[in-house]
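The values are calculated or read from the model by the stated rules, or taken from the named source; none is laboratory data. Treat the numbers as computed from the prediction; the structure is a model and nothing was measured. Every residue, glycine among them, receives a Cβ derived from its backbone with ideal geometry; neighbour counts consider all protein chains shown.
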């Protein structure tokens, strides 16, 4: 038995006495129906997709122990799009292929100062800039991993994961550069401490993309950095939130590139009653201008960053500078609606080297929450200058949670 399976086996043996206690069963599940359309310059036909995702499973808890199994499936009823795997790319990409898969299969031990999780699990670290479950796409990303969350003292937390397989959004038909799963010896480590100014986190992410078909190992990297995130109440109705981060990334394991790239983020938002205004500046640095020698975050929930049009899922060779600002407003209890909110964000994208203006983007979102149901309309408009092509996207979604 290889070492990666020893801890799950040990946890199963140790869990034996716990199952003598009362076992509480709880169904877990959710469903999402979404229509997405894409109009992209350079591709003659638009993409239209009507997809449904269903996740369902069961959680069993006994004392400090719990086990969770959850499957997910995606069905496309309107398939006028390129899903990244099947057919020719004669329509724009919508990365929601049909699939059925085991999404979660984990065993967890939870005590006052220690949580151990073994098996297939969702991992979200900090703001998901480096590691996340890719919640926006229909097929979520999960990790075959061993994770330890330790809180040895008040305000201090260590979060360490060893991941041997990344289960990607491409599902059971994933192949080539878009694998169903990417093996490798990944180590994800966070050490955080709550201070009066906010949570200060030091991190180390050793990403081993150990499949030659996935960019010839060129997405393997080691990243070390720090992040401060906090909030301060300025009055009874005004709150200032802020975050700042710096990281350094270099090549790792079998990556044939030799590079150094820096990451910077400064972000702030001001909440004034139901109004929020925000702005920030994010830099994913470049080294020599060679492809994949710029700062990359292949395990991130990438849709959350650098515009919803998804033009920068892979950082360009000359890096990326994203200057953004936006505003939002929320209304509580509007008739049967528990929360009605609106959001607008503007991005200006430039290169980190050679002073290129890539383009601009406007993102708009309206959403309404009614009980356990969320209805949303989302729009993205990317205006290309020196990178990619003009693209508009529209999403209409209904999410329901059990």
Next on the checklist: Here is a check on your reading of the model: is residue 60 without any contact (Cβ under 8 Å) to a residue 60 or more places away in the chain, surrounded by 14 or more Cβ atoms within 10 Å (Cβ to Cβ) and more than 22 Å from residue 172 (Cβ to Cβ)?
Outcome noted: yes
Checklist entry - If you go through the stretch 272-292 one residue at a time, do you hit one that is loosely packed, with under 15 Cβ neighbours inside 10 Å and at positive phi? => result yes
Checklist entry - Can you find even one residue in the stretch 234-256 that is in contact (Cβ under 8 Å) with a residue 60 or more places away in the chain, part of a loop (DSSP other than H, G, I, E, B) and over 21 Å from the mean Cα position of the chain (by Cα)? => result yes
Checklist outcome for this item: Those residues of the stretch 304-328 which are more than 11 Å from residue 351 (Cα to Cα) and not in a strand (DSSP E or B) amount to 304, 305, 306, 307, 308, 309, 310, 311, 312, 313, 314
Item to check | Test: residue 150 is assigned to a strand (DSSP E or B), modelled with pLDDT of 95 or more and buried (at least 21 other Cβ atoms within 10 Å of the Cβ) | outcome: no
Next on the checklist: If I filter the stretch 293-303 for residues that are touching a strand residue (DSSP E or B) at 6+ places or on another chain (Cβ under 7 Å) and at positive phi, do I get at least one hit?
Outcome noted: no
Checklist outcome for this item: Within the stretch 84-106, restricting to residues that are surrounded by fewer than 21 Cβ atoms within 10 Å (Cβ to Cβ) and in contact with a helix residue (DSSP H, G or I) (Cβ under 8 Å, 6 or more places away or on another chain), the one that is farthest from residue 160 (Cα to Cα) is 86
Checklist entry - When you scan the stretch 185-201, how many residues do you find that are assigned to a strand (DSSP E or B) and more than 19 Å from the chain's Cα centre (by Cα)? => result 9
Checklist entry - In the list 118, 145, which residue meets the criterion of being part of a strand (DSSP E or B), touching a helix residue (DSSP H, G or I) at 6+ places or on another chain (Cβ under 6 Å), at pLDDT 95 or above and buried (at least 20 other Cβ atoms within 10 Å of the Cβ)? => result 118
Checklist outcome for this item: Counted residues in the stretch 158-177 being part of a strand (DSSP E or B), surrounded by 18 or more Cβ atoms within 10 Å (Cβ to Cβ) and over 17 Å from the mean Cα position of the chain (by Cα) come to 3
